[in-house]
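Structure first, then comments.
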Amino acid sequence: MYKALYREFRPETFEEVVGQAHVVRVLRNQLKSDCVSHAYIFCGTRGTGKTTMARLLAKGLNCMAGVDERSCGECEACHAIREGVFMDVVEIDAASNNSVDNIRDLRESVKYPPAVGRKKVYIIDEVHMLSDSAANALLKTLEEPPAHVVFILATTEPHKLPQTILSRCLRLDFKRIPNHLIIEQMKMICKSKGVDADDAALQVLATAGDGSARDGLSLLEQCLAGGSDRLSEADVLDILGFVGDGEYLEMVDFIMESNIEKAIGLLDSLIRDGKEVKQFAAGLLGHYRNLMISKYSDDPQKFLAMSAENALRIKAQADSISMDIINDAIMEIADTLREIKWSTQPRILTELCILKLISRAKSV
């Protein structure tokens, strides 16, 4: 049966985990020294490996291999956990099981010893979605569970959790995954699929993923769905409806030249090609941010997720524009994006924004 890329290439051992070395180090050390906490809370933005790491920890607690090889990914227990059929690993979605009755059922089930493994592991995803009464019902069990039970809570919004829950867990914060690591993973996947992908194309995908490996792989899957054996930057921009750096450079040039017809014409051309107006406005804001960074950096590519060629073009453009203009543009586009969020006419607001940028550039 077909699997999505992020599922097909989900890490099965600690060695395969990307971008979370600090978490892997803590968990492997605890498994090796047999000093595993009774409750963990994994915090971090979407797609950074919280649920994957929870399953790896569950494997480590029940793996049939030697202590130094825990979470081997090969034994019967590891295979069963990977397939989601291991009786002693229970995954709960707190978004749909958030009532006090659900937690009461959980409290009853923890009393029973493991059926086949060494530990019963409860993975509660999106735990911040528990109701107040459900969270309170969980407290005592979370603080002093039976010796055979380990809780792993995962959340993207730890600030929504009561301090009483946070204080009972070992907290591990997951970082956004750097673009270069996501790109390396994408290269490996493309190679395994027989696809020749340009570095610039993978850079666009990794940047769009915004630190989330899952989001990046979902976008890559969308681009590979066409069945081509080659993936270029132009292909990615066309399939995903993104606007390239070249168009943003052009737009700013037209704004600085006070060429209203060409600026509005470029926006019209992009919309006719199927680009989203809101996405264009957000990208233009990002472009002005890149101009700001380039203005004060001798090597802006260190901070900009783009090719060396485009970084040089942006640097040249930044040197020709004053910081006052860049500042005004950032504030104006940010205001427009807030208005677009609630508007039924985002195109008109974006066109008005461009006219304001041209007017302010003239007056400076």
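The values are calculated or read from the model by the stated rules, or taken from the named source; none is laboratory data. Predicted, not measured: the structure shown is a model, and the values here were computed from it. We place every Cβ from the backbone using ideal geometry, glycine too, and count neighbours over all the protein chains shown. Please note that ligands, DNA and RNA were not included when accessible areas were found on the heavy atoms of the full protein model with its side chains. Shrake-Rupley method; radii C 1.70, N 1.55, O 1.52, S 1.80 Å.
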Q) For region 17-123, what is the per residue volume of the convex hull drawn over the alpha-carbon atoms, in cubic angstrom? A) 117
Q. What accessible area, in Å² to the nearest ten, does a 1.4 Å probe give for Lys175?
A. 120
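Order the following by accessible area, largest value first: Glu250, Glu15. Probe radius 1.4 Å; ligands, DNA and RNA are ignored. The partial results should precede the final answer.
Numbers: Glu250 85, Glu15 120 Å².
Result of the area sort, largest leading: Glu15, Glu250.
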Q | Top positive-direction residue, dipole computed over the chain with Cβ charges, set Leu352, Ser269, Tyr296 | A | Tyr296
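Please give the calculated 222 nm ellipticity per residue for the chain, where each DSSP H segment of at least 4 residues contributes -39500 (n - 2.57) and the sum is spread over every residue; nearest 500 deg cm²/dmol?
Details: 17 runs with 201 residues, N = 364.
That calculation yields -17000 deg cm²/dmol at 222 nm.
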(Q) If the only charges are +1 at each Lys and Arg Cβ and -1 at each Asp and Glu Cβ, what is the size of the charge dipole of region 17-65 around the Cα centre, to the nearest 20 debye? (A) 140
Q. Cα to Cα, under 15 Å, and not fewer than 8 places away if on the same chain: which aspartates and glutamates meet these conditions relative to Lys341?
A. Glu276, Glu332
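Just need the relative contact order of the chain here, percent rounded to a whole number, with Cα pairs under 8 Å and 6+ apart.
On the way: 492 pairs, mean separation 56.5, N = 364.
Worked out over the chain, it gives 16 percent.
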Q) Of the residues Ile314, Ile123, Ile340, which exhibits the maximal mean-square fluctuation in a Gaussian network model of the chain defined by a 10 Å Cα contact cut-off? A) Ile340
Q. Rounded to the nearest whole Å², what accessible area per residue is found for region 214-364 with the 1.4 Å probe?
A. 53
Q: Keeping the other protein chains in place, figure out the carbon and sulfur percent of the accessible area of region 265-333, with a 1.4 Å probe.
A: 51
Q: Among DSSP beta bridges whose residues both lie in region 88-239, state the antiparallel percentage, nearest 5.
A: 0
Q) Between region 215-250 and region 74-110, what is the C-alpha centre distance in whole Å? A) 38
Q. Do you know the relative contact order of region 136-295, to the nearest whole percent, from alpha carbon pairs under 8 angstrom that are 6+ apart?
A. 15
Q) Rounded to the nearest 10 Å², what accessible area does Phe303 show when all protein chains are kept and the probe is 1.4 Å? A) 110
**Q.** Cα-projected label distance for Asp253 with Asp173, points at 7 Å along beta-carbon direction, nm
**A.** 4.3
Q: For semi-axes √(5λ) of the Cα gyration tensor in Å, several values are listed as (i) 44, 22, 18; (ii) 67, 25, 15; (iii) 47, 24, 18; flag the one computed from this structure.
A: (iii)
Q: Compute the distance in nm between two label points, each set 7 Å from the Cα along the Cα-to-Cβ direction, one at Ser192 and one at Ser269.
A: 4.1
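Would you list Glu261, Glu143 from the most to the least accessible area, probe 1.4 Å?
Working: Glu261 155, Glu143 75 Å².
Ranked from most to least accessible, the order is Glu261, Glu143.
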Q: Among the aspartates and glutamates, select those whose C-alpha is under 12 Å from the C-alpha of Lys119, and discard any that sit fewer than 8 residues away in the same chain.
A: Asp88
Q: Using only protein heavy atoms and a 1.4 Å probe, report how much of Thr207 is accessible, in Å² to the nearest 10.
A: 60
Q.
Using only the alpha-carbon atoms, how far is helix 21-33 inclined from the longest principal axis of the chain? Give it as 0 to 90 degrees, nearest 10.
A. 10
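Rank these residues by their accessible area, most exposed first, probe 1.4 Å: Met251, Met87.
On the way: Met251 0, Met87 130 Å².
My answer, sorted largest first, is Met87, Met251.
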